Each structure stands twice: as structure tokens, then as C-alpha cells.
Amino acid sequence: MVVFLEEEQVVAGDIKTADQVRTQKIPAWLSRHLKAEDLPKIANAVRQAESGSTGEILPVIVHHSQAYRSAKRIFWLVLLLLVTPIFMSVDHIYSLAILAVFVLFYILDMAFPSKLSGMPFLVKLLDPADVTEGVERRAALKFEMLRVQHTSRRTGVMIFISYFERRALILGDKAIAEKIKSEEWNQVLGGLLARIRAGQMSEGLESAILEMGRILKVHFPSGQEEPIDEICNELVIMDEI
């Protein structure tokens, strides 16, 4: 999936530079796929990919793109229907205790929507098109918040992975959209997703970033221009929406 952004498509948000939110450590939910020693390798791949072109690449991974409260309500409703016979078969005091625990877990679950790691099936309760649309909206917001759209030459590109939804996309700024066809980015994403499914997220990111750099060199060669690094090279990982 590839998305090219025009200015009117971007949702306004609190603007932060990528340096302000760049990754300091690997969160628990991602530790099975990435290690601390992978971070400098990915940053080095970005530096290498950007050399020889005027493009700016920012890799971003978010835990999830939506809170999925509607899907979670369906889950809890179904669970309530399943446990209702238990309420009816035990003493009144025990049924009240079970109900109280049930309500407590429901409130906690709805209050902390980021704790979704153990419930990937929630996505299956929703229309895939709605999930994809939510990921695209979140990616567009991060594109603006991380100032990828504010490079002087409008050649910022973000490779965006939404972990919970198992979705990835590439967002390019205006100058990128005018020259690079989506088919080229789709090939990059295909290789990345294949490596992630094989348990090689770091290698997949490095390979995808280097391939993005090759494409950028063709369309946006730096020539004699002094390269300007306007966006940090580190991988950005974000837990919250």
C-alpha cells in the first residue's frame, strides 16, 4: 500500500520533530522482532540510502493505529453472553463477585486501549477496509507530526508500519508523488512484509530503506549539491496513538 500526500489531506496535530520522539529503547511488544543492536544498523541504512540523493527517509513503527473500542465492545458483549449461564448457576453472592470482576476488567480494557498485544483477533471483527483506512489516517497524522512534510525540497518519504494491524505503507511528499510511481514503492513494501513474516524485521527494514534510496537516487540525484540532513535517521517507535 502506498499513499502520496497532498497538503489538504494532512490532519493537523502537535508538531514534533523526529529527533524529539526518536527511539531510545525497544518496547516489550516489539522486542521479539527487534533488538537494541538493530537500531544503529537501521539508522546506518537510512544514512546510506540518503547519500547521493536529496530525499529524506524516516522509518516509523507504531503499536496500533486505532483504539478499536467498537470491536472490543463486541468482544465483551459476546463474552458476557457466554458467561451468563455461569452467573445463573452459582449462588447470588458469587455471581455478583464474578460480575464485579467482569465489569472491572471491561472498564480497565476500555480505559487503556493501547494494551492490545494479546488481542489481535479484534481486527478480524472489523471490515478490512475500515482497518486500512484507519492506518492511512494515522500514518498521515504522523507524517505531519514528525515534520516529514516540511523538508525544504518536499522530498520526505516515510515508511510506516502499524504493528497491531499488520499493515505497512509508504508516504511521500509532493515532489515524490510527481515523479515516483506507486508500483515502485509497492515492490519495496512487498519485500519488507515478506521479511517481517519470516521473522526478519530488522533485515527487512534495512533492505527496504536501501531500495528506497536507490529509487530516490534515480529521481532525485543530489549532483553537486551539498546534502542536507533535515530529518533524523533513527527509527521512530511510538506506543500511543
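The values are calculated or read from the model by the stated rules, or taken from the named source; none is laboratory data. Owing to the predicted nature of the structure, the values given are computational and were not obtained by experimental measurement. We place every Cβ from the backbone using ideal geometry, glycine too, and count neighbours over all the protein chains shown.
Scanning segment 215-234 for residues being in a helix (DSSP H, G or I) and either under 23 Å from E144 (Cα atoms) or touching a residue at least 24 places away in the same chain (Cβ under 8 Å) (or both) gives a total of 4.
Kindly evaluate I237 against the criterion of being farther than 15 Å from I170 by Cβ, touching a residue at least 40 places away in the same chain (Cβ under 8 Å) and either buried (at least 19 other Cβ atoms within 10 Å of the Cβ) or assigned by TED's automatic domain parsing to the domain that holds E165 (or both). Lay out the reasoning, then the answer.
Working: farther than 15 Å from I170 by Cβ: yes; touching a residue at least 40 places away in the same chain (Cβ under 8 Å): yes; either buried (at least 19 other Cβ atoms within 10 Å of the Cβ) or assigned by TED's automatic domain parsing to the domain that holds E165 (or both): yes.
Yes, satisfied.
Inclusion of A177 among residues that are free of Cβ contacts under 8 Å to residues at least 24 places away in the same chain and assigned to a helix (DSSP H, G or I) is not warranted.
Listed here are the residues, each with its yes/no results for (1) among the hydroxyl-bearing types (S, T, Y); (2) over 16 Å from A45 (Cα atoms); (3) in contact with a strand residue (DSSP E or B) (Cβ under 7 Å, 6 or more places away or on another chain).
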| site | (1), (2), (3) |
| --- | --- |
| S152 | yes, yes, no |
| W185 | no, yes, yes |
| L210 | no, no, no |
| H219 | no, yes, no |
| L235 | no, no, yes |
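The number of residues in segment 175-193 being charged (D, E, K, R) and over 22 Å from S162 (Cα atoms) comes to 3. Check whether at least one residue in segment 132-146 is modelled with pLDDT under 90, assigned by TED's automatic domain parsing to the domain that holds A43 and outside any helix (DSSP H, G or I), and report yes or no. No: segment 132-146 contains no residue that is modelled with pLDDT under 90, assigned by TED's automatic domain parsing to the domain that holds A43 and outside any helix (DSSP H, G or I). S162 - would you say it is touching a strand residue (DSSP E or B) at 6+ places or on another chain (Cβ under 6 Å), of a type in the set (S, T, N, Q), surrounded by 15 or more Cβ atoms within 10 Å (Cβ to Cβ) and assigned by TED's automatic domain parsing to the domain that holds H33? Judged against the criteria, S162 is a match. Screening segment 180-200 for residues that are within 19 Å of R138 (Cβ to Cβ) and either without any contact (Cβ under 8 Å) to a residue 60 or more places away in the chain or of a type in the set (A, V, I, L, M) (or both) and picking the one that is surrounded by the fewest Cβ atoms within 10 Å (Cβ to Cβ) gives L193.
Against the list (1) farther than 19 Å from Q48 by Cα; (2) modelled with pLDDT of 95 or more, the condition L210 fails is (1).
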